[in-house]
Structures are given as structure tokens and as C-alpha cells.
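Peer 1: The structure follows.
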């Protein structure tokens, strides 16, 4: 009995120390009801990964592609695409998406959300200003630029260390 307890305690401590390597994953369990802090944590994790993968559905087939654009505007996480792309058409048909990103150190996140189109020029300009590398292909005034934000988002932080259940953050 003492050996089992000692082993369980050791495993719990190991899980704690493994998580410390990734600040986003090691943050306090859950977001304590603070949706803005949870949203910021997810944003920081995704930005830290550089690229993330966005999944949509086309008919009965999942479609996944890398994205890099990301910004917080009016307390929401926004991303950008072009209206001529299949991803835009897929989100118009079914706005439920999933995002996945890996930090390269053993932690990863899956975010399920509804992608909501924001046609306002100021939202487009804000995202393009946050990603000036997109300005050679997009403009806040063209008919192609599309920005969307995440609504009803649920993020699940995981670790490849195999320790514990995923930590859930909602925003």
C-alpha cells in the first residue's frame, strides 16, 4: 500500500514538473471562469507555435491546412483568409472549425469553435496591420479579404508526457 502511494505521489510530481516546461500548459487548471484570460492564454500558445492547423468540413470530408494569421481584436481571437479560397466557402457552409497546434516541446492544443465572419473594414485593417506580410496579397478594401473570429470556443490543452487529462479552457 505504501509503495502504491509513493508511486502515485512520484507520478503526480513528475506530471507537475513535466508541465512546468510549457508555461501555457502548466498554468492553473482551468481558466477559473475568466474567459478573457483563457482566450489570451490560447492566443499566446498559438502565437508561440508560429503556425497552427485549421480544419473545416467539405461534404463528409475533413479539410486541414496551415494558418499563421492571428490577432486579438475587440477581445476576440481573429484570423484571416481569402474569400476565393475553398476554406472560406467551407466555413460559409459549416462554420464549425477546429484548430490544432503543437509547441514542439510536448504540449499541444485543440480548439473547437464557430468561425464568425466580420465584414467590417476596421477588423480587416487591424488584422492586416498585425500581419504586414499579408498586405502584398490582401487589402482591407478589396472584395477578397475575409477576417473571422472564434465564437463559443473550447480549447483542450494536452501533453505528450501522457500525464493527466486535458485541461479545458472556454472563451
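Peer 1: Which distance in nm do the two modelled labels at residue 163 and residue 64 give, with both placed 7 Å along the Cα-to-Cβ direction?
Peer 2: Placing both labels 7 Å beyond Cα along the Cβ direction yields 2.6 nm.
Peer 1: I need the calculated FRET efficiency for the pair residue 105 and residue 83, taking r as the beta carbon distance and R₀ as 30 Å, to the nearest 0.05.
Peer 2: 0.25
Peer 1: Extension gain residue 125-residue 44, at 0.36 nm per residue separation less the Cα-Cα distance, in nm? Please report the intermediate quantities before stating the final value.
Peer 2: Details: separation 81, 0.36 × 81 = 29.16 nm, distance 2.10 nm.
Full-extension gain reported as 27.1 nm.
Peer 1: Arranged by the count of other C-beta atoms within 10 angstrom, fewest first, what order do 41, 74 take?
Peer 2: 74, 41
Peer 1: Fewest Cβ neighbours within 10 Å first, please rank 73, 160 accordingly.
Peer 2: 160, 73
Peer 1: While we're here: Which order do the peptides 88-99, 61-72 come out in when sorted by mean C-beta neighbours inside 10 angstrom, highest first?
Peer 2: The most tightly packed comes first, giving 88-99, 61-72.
Peer 1: To the nearest Å, what is the center-to-center distance of segment 36-52 and segment 87-132, using C-alpha atoms only?
Peer 2: For segment 36-52 versus segment 87-132, the Cα centre distance is 12 Å.
Only the coordinates and a few stated rules stand behind these numbers; no lab work does. The structure displayed is predicted, hence computed values, not measured ones. All Cβ positions, even for glycine, are placed from backbone atoms using ideal geometry, and neighbour counts span all protein chains on display.
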